[in-house]
Structures are given as structure tokens and as C-alpha cells.
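The values are calculated or read from the model by the stated rules, or taken from the named source; none is laboratory data. Fair warning: this is a prediction, and the values are worked out from it, not measured in the lab. Cβ placement follows ideal geometry from the backbone for every residue including glycine, while neighbour counts extend to all protein chains displayed. To get the accessible areas, we keep the full protein, side chains included, count just its heavy atoms, and leave off ligands, DNA and RNA. Shrake-Rupley method; radii C 1.70, N 1.55, O 1.52, S 1.80 Å.
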Amino acid sequence: MSRSPFEPAHGGNLVWAARLARCAPHELLDFSASISPLGPPPSVLAAIQAAFSSLTAYPDPRYQALCQQLARVHEIDADWVLPGNGAAALLTWAGRELAQHPCWLLTPAFSDYARAVAAFAGQVIEVPLQQQHWPTDPDWAAALTAAIPAGTDLSQCSLLLNNPHNPTGALLSREAIRPFLETFGLVVVDEAFMDFLPPSQQQSLIAWVESFPNLVVLRSLTKFYSLPGLRMGYAVAHPHRLRRWQQWRDPWSVNTLAAAAAIAALQDTDFQQQTWDWLGVAKPDLYAGLAALPGLSPRPGSANFLLVDCDCPSPKLQKQLLIRHRIYIRDCSSFAEIGDRAFRVAVKTGADHQRLLAGLADVLSDGVME
């Protein structure tokens, strides 16, 4: 099914969805954007309010307080951290470096990856994964290795991964990634959803950045702390690389309120534990509810969302849910490898899950989906 040029390629486009549902954006139940329903935490809101008095001054261009807090969290030196206006802004500068050499990319993948490389006239070499191999160890690694022609000088190539993988939610192990760190000239790993896993389950590569100067890790603070409108992310990489990025970007890339919010969020360990406890119960609950509906097959995942295979066209299902129930799911037909038989939903609260499941049951039982 072809997509209208006005349809969003990402989730969270509430203006588009509300127009279709004929309601105000705030009246939608949004499952399309994978944002925690628990936040923002009160500590963050208090920090934002306290920072209002600082709006008459420019932010510290070095963001020393924020970098020091990030350094404490990850037990690294502050010079190895660079905050940005969301992880997407930092992805642009990563794209500038990735574009200097052929960039290998596992697909399906977040559309902004190709956008970031193409913005600097770079070459993206896609490695489409068969559905049965959507990334599991060691299948994805074997598929990538098999796709690289013999004799390729990988020291002159770059690799872009995300972990946990979007849109499947699969978690890639550190050990499966390590061989590529030892061969590719540059490896960028987007860990936007990594903090949804408890520390004992995470497969973050941040601890390896000092050992691999060719490694860049991107992180987001907006999803875990429910702050997508504030825009806050950071990169962890060798200081030489980050100093180069600072020369490319605007001098004040993070606003004062976002910097204050990030510092407070990183210190709120109670909220972090609350989030891990919530997700450990809410995700299995949503998975079971989806699996019980005829024609739906959710895939297990490690992040705060689920990819769901469906027997009907997902764009049509998305539109019927909007029109009839004001519920917004992420149609995954923009991922070419997935096609129009899957959608993605964020994990939310029990009451929201019941509303989603009831809406899906209603639409799927109607002949309009045939």
C-alpha cells in the first residue's frame, strides 16, 4: 500500500493523527511514540521551574554541570560526554562522520539514520534482514558479515547500529558487536532505549568507549523521562572527536531548562527504579492481551514498545482506530522490510492497554478490515 506524502514516517505526529480522528491532539490516546507514561518525574518539573530565573542569561556553552553529572553516572571523565538538543541533533553530527566512508546499516532501521548520512552526501549500504533473523544473536552478525564483499577494507568503512533495535525491540549483545568494533573504522551505536532495561540487563557499550576510539554511543533522556518536547540527548566518544563536533554545531545547543531537567533526572534513582518495576509488569500484560486477539502476533522485545504482526493492512488498521476510537498506533509500513502487515505500540498503563485492546478487538472483528 502506497503512503500519502502527508502521512508521518515517525510516531508521535499528533497533529496529523488528530486531523484524521477529528479531535484535538490532547484527546488522542497515543501509542505511536515510545514515551514512558510515568513522567516527567516531579523532581524534573521542580528543576525546570527553578531554572526559570536563569532564562535571562545564556547557557554555559560547555555545559560543565551537566557533563559532570553524566560523567558521574557513567563513571567516565566529563571530556568524553557531549550533550545535545535531543539524540537526533547528535545523530546529524555522527552522520557527518559516517558519511566520510561507506556506511553499513542493518535494516529495518529508524529512517533518520539514512537521512543523517545522506545530508552529507554519504553512501548508505543497507543490509536487509529476513524477518526470521530480525536481530537476534548471532543471526544479525552473520548476516552483516556475509553481506560484506571479500577483500573490503573495513577500516575505511563505518557501521551504524541501534540497541535495543527499533522497531523490533531486540537486544544485541556486547559480545556480538565487539568484532565489528575491531574491524570498522567508525561504529556509531544508538542506545536511545537502553535505559529502559535494568542495569543488570543492559548491553551498553559506554564502558568500552575508552578502549575503542572508533566508537560513538548516542543516548536519549527524553523517552525514559517523558520529555520529548524538551529535547535532551548526549553522545559519549573520544574527546578529540567531540571537540570536532563542537566546532560544527551551534554554540548553545542545549537550552537552560533542558540542562536543568537532565541533571535532576539523572539524580532521580527512585524514579528510575519505579520505571523498571512498572515495565516489568506492564509489558507482559500488554503482550498477553495482544497475543489473545485473533490475527495479531506480538514479538517479544527488550524496550518499552512491542512490534506486532497482523493479518490486515496496518495503515488501514491505524486509520480505523483513529477514526473510531481516537487511538493512535505506529503504522510500520514505512519500514520497507516489514511492509504493511505490522504495527508498533508503546507500553503504557493498564487502563490504556484495556482501551487499546478493546479498540483493536472492535476494528478487527468488523468486515471493514477484510
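For (1) on the phi > 0 side of the Ramachandran plot; (2) buried (at least 17 other Cβ atoms within 10 Å of the Cβ); (3) touching a residue at least 60 places away in the same chain (Cβ under 8 Å); (4) not in a helix (DSSP H, G or I), each residue gets a yes or a no:
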{"site": "I177", "(1), (2), (3), (4)": "no, yes, no, no"}
{"site": "V188", "(1), (2), (3), (4)": "no, yes, yes, yes"}
{"site": "A192", "(1), (2), (3), (4)": "no, yes, yes, yes"}
{"site": "S204", "(1), (2), (3), (4)": "no, yes, no, yes"}
{"site": "E210", "(1), (2), (3), (4)": "no, no, yes, yes"}
{"site": "P213", "(1), (2), (3), (4)": "no, no, no, yes"}
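Only one of T222, T152, T183 is on the phi < 0 side of the Ramachandran plot, of a type in the set (S, T, Y) and open to solvent by less than 10 Å² (accessible area, probe 1.4 Å). Can you tell me which?
Every option except T222 fails the conditions.
Step by step: first the residues of the stretch 228-244, then only those that are over 30 Å from L14 (Cβ atoms) and not in a helix (DSSP H, G or I), then the one that is farthest from the chain's Cα centre (by Cα). Which residue is that?
H238
On the basis of being β-branched (V, I, T) and closer than 22 Å to S53 by Cβ, does I206 make the cut?
So I206 fails the test.
Across the stretch 326-339, what is the total count of residues that are surrounded by fewer than 20 Cβ atoms within 10 Å (Cβ to Cβ) and either out of contact with any helix residue (DSSP H, G or I) (no Cβ under 9 Å at 6 or more places or on another chain) or touching a residue at least 40 places away in the same chain (Cβ under 8 Å) (or both)?
Selection size over the stretch 326-339: 3.
Going through the stretch 349-365 one residue at a time, which ones are within 17 Å of N304 (Cβ to Cβ) and hydroxyl-bearing (S, T, Y)?
If the condition is that a residue be within 17 Å of N304 (Cβ to Cβ) and hydroxyl-bearing (S, T, Y), then T349 is the only one that fits.
Filter the stretch 245-256 down to the residues that are open to solvent by 10 Å² or more (accessible area, probe 1.4 Å) and either at pLDDT 95 or above or assigned to a loop (DSSP other than H, G, I, E, B) (or both) and list them by number.
Hits for the stretch 245-256 are R249, D250, P251, W252, S253, N255, T256.
Of the residues A303, A265, A282, A259, which is of a type in the set (G, A, S), buried (at least 17 other Cβ atoms within 10 Å of the Cβ), modelled with pLDDT of 95 or more and farther than 26 Å from R330 by Cβ?
A259
Would you pick out the residues in the stretch 341-358 that are buried (at least 20 other Cβ atoms within 10 Å of the Cβ) and either over 21 Å from L279 (Cβ atoms) or of a type in the set (A, V, I, L, M, F, W, C) (or both)?
A342, F343, V345, A346, V347, L356
Which residues, counting only those in the stretch 60-118, are part of a loop (DSSP other than H, G, I, E, B), open to solvent by 40 Å² or more (accessible area, probe 1.4 Å) and closer than 28 Å to A265 by Cβ?
Once the filter is applied, which keeps residues that are part of a loop (DSSP other than H, G, I, E, B), open to solvent by 40 Å² or more (accessible area, probe 1.4 Å) and closer than 28 Å to A265 by Cβ, the stretch 60-118 yields D60, P61, R62, E75, D77, N85, F110.
Quickly run through the stretch 119-149 and pick out the residues that are under 21 Å from S302 (Cα atoms), touching a Ser or Thr at 6+ places or on another chain (Cβ under 8 Å) and either crowded, with 17+ Cβ neighbours inside 10 Å or hydroxyl-bearing (S, T, Y) (or both).
Matches in the stretch 119-149: L129, W134, P135.
So A259 ticks every box in (1) part of a helix (DSSP H, G or I); (2) under 25 Å from A33 (Cα atoms); (3) free of Cβ contacts under 8 Å to residues at least 60 places away in the same chain but one. Which box is left unticked?
The single condition A259 does not satisfy is (3).
Does T56 count as among the hydroxyl-bearing types (S, T, Y), loosely packed, with under 14 Cβ neighbours inside 10 Å and either without any contact (Cβ under 8 Å) to a residue 40 or more places away in the chain or at negative phi (or both)?
yes
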